[in-house]
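The structure appears below as structure tokens.
The values are calculated or read from the model by the stated rules, or taken from the named source; none is laboratory data. Remember, it's a predicted structure, so these values are computed and weren't measured experimentally. Reconstructed Cβ throughout: ideal geometry from the backbone, glycine too, with neighbour counts over all protein chains shown.
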Amino acid sequence: MDDYGCHNVELYIYDMTQGMARMMSPLLLGRQVDGIWHTAVVVFGREYFYGSHGISAVPPGSVSILGSPTKVEKIGETFIPYQVFKDYLRGLADSSFRGSCYSLLKHNCNTFSEDLCQFLCGASIPKYILDLPQEFLSTPLGQSLGPLIESLGQRTDGYSNFSFESQITTPVRSPSPDYIEINTQIEQLREQSSALEERRQQSLDKIAKKERKREKKRNKERKQSNKVTFSDSSEYNSTGMSEIEEANGTTESPVINSEMLPSEKVLEEEAEERRLEEEKKKNREPPIVFKEIDPKYELEELVKLVDGNLSEEEQLALEELHQYLLLGDGCWALSDLFLVFVGRVLRDPQISTEARVHLLRSLAYAALKDDIILLLHQDRRDHVMMNYLLDIEKIKPEEQQAVALFANNLFENTNASEWLLYISEWPSGSQQVSNIRATTKVVVHCLLSPCPKLQELGTALTYNLGIKEVKTVKLRHAKKLRQILPKGSLSKVFDDIAIEITMAILQFLNSNPSEEYLFRVLKALSKFVYVSADIPQFVQMIGPNPKDFRGKSDRCDQLIDIIVKKVR
């Protein structure tokens with residue numbers, strides 16, 4: 001599975017009545033209903049859907065009870081890594097999309113598809129699908145049968161949630177004796193398999209333990225004699241195979257590789273993904289992040305300041321933040337309502353500035369964690385954090401510093417930093433905005449601020465953007481769009497923000513910055529002059545000329561040489 005790159009997101013739309021709704025709805029409902037829709041999201045080569053059994057993943061189009069999809073609509077494309085998608089899906093399965101949360105009319109397969117499509121590419125499924133339950137309930141028949149349908153939906157199991165239409169007209173059947181017997185046998189086999197796996201793992205642990213002892217003994221013998229021969233060693237037979245390995249009939253590695261269970265394969269895949277992520281971290285230029293944050297202190301101060309002002313749900317959200325930051329429970333500790341709590345603290349005028357600062361600094365510490373991306377993706381619908389970044393010039397200076405701290409620390413991990421650069425637009429007031437434009441606004445505001453602390457954070461953000469590989473906005477697949485953009489462009493959006501940040505850098509250079517701050521902005525400028533053909537011209541026309549800063553340090557001079565090659 002390619003963890004990175006672009007993947008299509010499709011919506012499989014099934015009519016569970018196989019055309020009967022179109023024919024019968026005028027008679028039964030008094031209006032035309034084209035179908036009773038079940039939807040599933042197809043991405044990464046699998047079809048994902050939700051029912052009273054929870055979340056399922058199958059090969060596309062393989063749910064035979066539904067037949068072929070009536071329609072297949074392309075929702076968009078996603079750049080979200082497969083591992084992040086898997087983690088997000090596990091979180092949904094453990095929280096809002098458990099089987100017990102299923103509601104036939106209010107929280108169903110279409111609700112799940114909407115959530116997944118918003119997460120993957122910030123797009124909605126067709127409105128006529130989402131509006132169907134309300135449309136049905138607005139009819140006289142729907143009002144009379146609504147409670148009955150809801151109760152039937154709560155009693156369903158297996159794939160019975162696909163039978164929306166039949167639930168209205170046919171009674172629920174009890175499971176047959178054959179079904180119960182088969183189910184019992186399956187459970188027994190699962191228990192036996194689990195017991196065998198446990199014994200097998202114990203055997204492997206024993207072998208590994210004995211192997212470590214043998215290795216320790218061999219190392220001791222090597223030190224004594226500086227020479228070990230298999231023929232003289234009582235531990236080995238003539239083939240060089242250990243006695244324990246011979247007794248078991250094989251060596252350790254082939255057994256594990258050839259008989260690996262699915263659970264072990266998943267663990268191995270996850271370990272490999274973590275290894276690749278760590279390797280990418282080692283190979284990239286390290287970002288500037290700020291780790292001198294005491295989460296315990298920030299939380300304690302936050303609790304003091306909001307004590308007595310929170311509802312029961314908000315108190316729970318605060319406890320979840322404590323579990324996440326201090327107890328290491330992982331991002332799953334944060335429920336779906338956590339961001340509602342964050343939004344309330346950030347926007348409620350009754351909450352003090354100090355409380356907001358402590359919350360933002362707590363989130364800045366959380367931004368250093370590799371699973372922060374899961375929390376960020378939960379915010380793709382309401383944009384609580386990004387709307388706050390957009391308002392940076394309207395908030396108090398202390399909050400501005402905490403916001404910039406949060407943005408910088410998101411560069412600690414690749415996936416979180418890419419979230420800052422998403423180009424998908426969403427409405428904010430009367431205009432369309434995006435994550436990358438909100439991030440740019442923070443950078444420019446901090447760079448041009450007279451506050452030394454904001455300048456420090458702004459130059460760090462500028463540097464981090466400069467060294468960032470902007471994979472999410474490259475136009476490898478958009479041939480027509482590439483043709484109308486300037487030669488060498490990455491994207492119109494990134495060209496625009498690169499020019500905007502360059503203008504701020506040039507203005508900042510007029511303040512005669514320190515060597516450290518100069519290095520940071522020159523690092524970004526040395527990248528930007530190769531992003532857009534317009535940027536070298538702006539540097540040349542507006543100034544100051546980068547040559548004027550020669551002599552500050554060798555590392556700054558090297559960057560100036562790179563810039564001058566493009567700025568004639």
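Points worth noting:
- Annotation note: of 402, 364, the sole residue that is under 16 Å from residue 301 (Cα atoms) and more than 20 Å from the chain's Cα centre (by Cα) is 402.
- Residues in region 53-70 that are touching a residue at least 60 places away in the same chain (Cβ under 8 Å) and either surrounded by 19 or more Cβ atoms within 10 Å (Cβ to Cβ) or not in a loop (DSSP other than H, G, I, E, B) (or both): 3 in all.
- Listed conditions (1) among the aliphatic types (A, V, I, L, M); (2) at pLDDT 85 or above; (3) surrounded by fewer than 21 Cβ atoms within 10 Å (Cβ to Cβ) are all met by residue 366, apart from (3).
- Counted residues, region 491-527 - those being surrounded by fewer than 18 Cβ atoms within 10 Å (Cβ to Cβ), within 29 Å of the chain's Cα centre (by Cα) and at pLDDT 95 or above: 0
For every residue, the table says whether it meets (1) aromatic (Phe, Trp, Tyr); (2) over 22 Å from residue 458 (Cα atoms).
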| position | (1), (2) |
| --- | --- |
| 300 | no, yes |
| 310 | no, yes |
| 328 | no, yes |
| 341 | yes, yes |
| 350 | no, yes |
| 376 | no, no |
| 379 | no, yes |
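- Restricting 375, 346 to those that are over 21 Å from residue 286 (Cα atoms) and in contact with a Cys (Cβ under 6 Å, 6 or more places away or on another chain) reduces the list to 375.
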